[in-house]
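Chemist: One structure is given below, represented as structure tokens, and several questions about it will come after.
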């Protein structure tokens, strides 16, 4: 169980939607094809666009918040 939790902490995906006013994005994850909920963008993300590949970090708790760390 612990291994499964840690494997989902950091994920790679593609931006599918942006809300610039709220500084949030939705991401389609490469490995699963699932789409995230709205994730907070870190201030260092710069100007992301739809279809940009990004690195996402989730807090290591059940249903924890996620953050887009930046483009890759």
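Since every read-out is calculated from the coordinates, none of them should be taken as a lab result. Because the structure is predicted, anything quoted here is derived from the model rather than measured. Note: ideal-geometry Cβ built from the backbone for every residue, glycine included; neighbour counts use all protein chains shown.
Chemist: Fully extended, how many nm does the chain gain between residue 22 and residue 69 (0.36 nm per residue separation, minus their Cα-Cα distance)? All intermediate terms of the calculation are to be shown ahead of the outcome.
Modeler: Details: separation 47, 0.36 × 47 = 16.92 nm, distance 1.57 nm.
Between residue 22 and residue 69, full extension yields 15.3 nm more.
Chemist: Going by average Cβ neighbours within 10 Å, how do the peptides 14-22, 34-42 rank, with the highest at the top?
Modeler: Working: 14-22: 13.2, 34-42: 15.3.
Most protected by this proxy first, the peptides run 34-42, 14-22.
Chemist: Something else: What's the FRET efficiency of residue 50 with residue 10 using the Cβ-Cβ distance as r and R₀ = 22 Å, to the nearest 0.05? Mind showing how you got there, number by number?
Modeler: Values: r = 22 Å, r/R0 = 0.99.
Efficiency, rounded to the nearest 0.05: 0.50.
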